[in-house]
Amino acid sequence: MPTIVEVAHRAGVSAITVSRVVNDSGPVSSHVRARVEQAIAEIGYVPNAVARSLRTKRTDTIALVVTDMTNPFFTTLAHGAEAAASDAGLMLIVCNTDERDAEEQRYVRMLLQRRVDGILLVPAGSGAVPIKLCREQGTPLVVVDRRLPEGGADAVRADSKAGAFDLGRLLVSLGHRTMAVLTGPGDVPTADDRAAGFGQAVAAGEGLPPPRVYRGAFSIESGREMARLALAATPRPTALFAANNFIAIGVLHALDEMKVRVPEDVAVVGFDDLPPAMVTFPFLTVAAQPAHEIGERSVAMLLARLSGGHGPGHPHQVVVLPTQLIVRRSSGDPLGVLEPSTRT
């Protein structure tokens, strides 16, 4: 590998001048800078990032730990985070835990050993162990897409409870009385928030029974299983709320297998939208989260900690972004109450 001394010799300058150009760490005339950059290009010199990190105590690397990278929501979130990290001159490492606490803790320990500058974490459960590890190591951490106890950590998320409330209120307005919630595990705050928000909307309807709540994983197979359980109940629900997009896909698969029509026989609404490239015709009524913006805002919050703007003694910051209710055909309109312009 070419060395900084070889670059200096070729450019006719000192090694310290080359270092100033490479690290942008001192005054260098434009003429000399051009000669050094030309020499770097000609001999193919690549700066030693490890040596630089030893001097600066920074690796210019951050990590995003997600629960399921195959989920389009997290793919879009990662795209937003990567774009923001790249703009800041940082490299983003993405780790996938498959919703396993043990894998999450293993990744976080590994990332701390490699001295990443900060971590964006989507906890599989409470996230207590990773948060404690990062706090002990003095490594900035931002919790993404999860509600935490007040003061637990910096966090960026969408308003799960309000988004689910909007979906429940829509179904109540359409005349549905018997409904079911298909959500994730009880130790995941978003699963609880979405069930609670939907339940509050139903409770606001006059004389309506509370929705039955079924719990499983945030997966397609779990959505299929919960849908079958819900439709076997008496009285049979006329509307189902899927608490994420993978559960919704599983629900639609199950209903198709059971020859149950949507929305004629049962209405279906979901949390999280699917990218247009994944569906031929948008069909599902959803509360859509701003996934790309969540990724961007998470990196911005992490950068604020890294720059000292939010020092160790600064109170934790929590950003809660609104969801968007998108009404499509899957929710139905049994009473004909929707305006024609809202039907898609």
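The values are calculated or read from the model by the stated rules, or taken from the named source; none is laboratory data. In this text the structure is predicted, and so the values were computed from the model without any measurement. When we count neighbours, we look across all protein chains shown, and the Cβ atoms used for this are built from the backbone with ideal geometry, even at glycine. These accessible areas exclude ligands, DNA and RNA; they are computed on the full protein's heavy atoms, side chains included. Shrake-Rupley method; radii C 1.70, N 1.55, O 1.52, S 1.80 Å.
Summary table
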{"read-out": "Inter-label distance, nm, simple model (7 Å from Cα along the C-beta direction), THR178/PHE283", "value": "2.4 nm"}
{"read-out": "Mean separation of Cα contacts under 8 Å (6+ apart) over length of the chain, as relative contact order %", "value": "17 percent"}
{"read-out": "Zero-based 10 Å bins, Cα pair distances in the stretch 1-133, whole percents", "value": "12, 30, 25, 17, 14, 2"}
{"read-out": "Apportionment of accessible area to carbon and sulfur, the stretch 60-206, percent (1.4 Å)", "value": "49 percent"}
{"read-out": "Ranked by how many other beta carbons lie within 10 Å on average, peptides 228-237, 152-161, 15-24 from highest", "value": "152-161, 15-24, 228-237"}
{"read-out": "Peptide ranges 118-125, 217-224, 173-180, 62-69 listed from the most packed, as the mean C-beta count within 10 angstrom indicates", "value": "118-125, 62-69, 217-224, 173-180"}
{"read-out": "Acute angle (nearest 10 degrees) that the helix 245-257 long axis makes with the longest principal axis of the chain, alpha-carbon atoms", "value": "40 degrees"}
{"read-out": "Neighbourhood charge, 15 Å Cβ-Cβ cut-off, centred on THR238 and excluding it, Lys, Arg +1 and Asp, Glu -1", "value": "+1"}
{"read-out": "Carbon/sulfur fraction of accessible area - the stretch 1-45, other protein chains in place, 1.4 Å, %", "value": "54 percent"}
{"read-out": "For the stretch 187-283: relative contact order, % (alpha-carbon pairs under 8 angstrom, 6 or more apart)", "value": "23 percent"}
{"read-out": "Crossing angle, helix 220-231 versus the chain [Cα axis fit, 0-90 degrees, rounded to tens]", "value": "20 degrees"}
{"read-out": "Answer label, with mean projected area of the Cα convex hull in nm² calculated from the coordinates and candidates [x] 21.8; [y] 19.3; [z] 31.6", "value": "[x]"}
{"read-out": "Nearest-ten-degree value, helix 160-173 long axis tilted from longest Cα axis of the chain", "value": "30 degrees"}
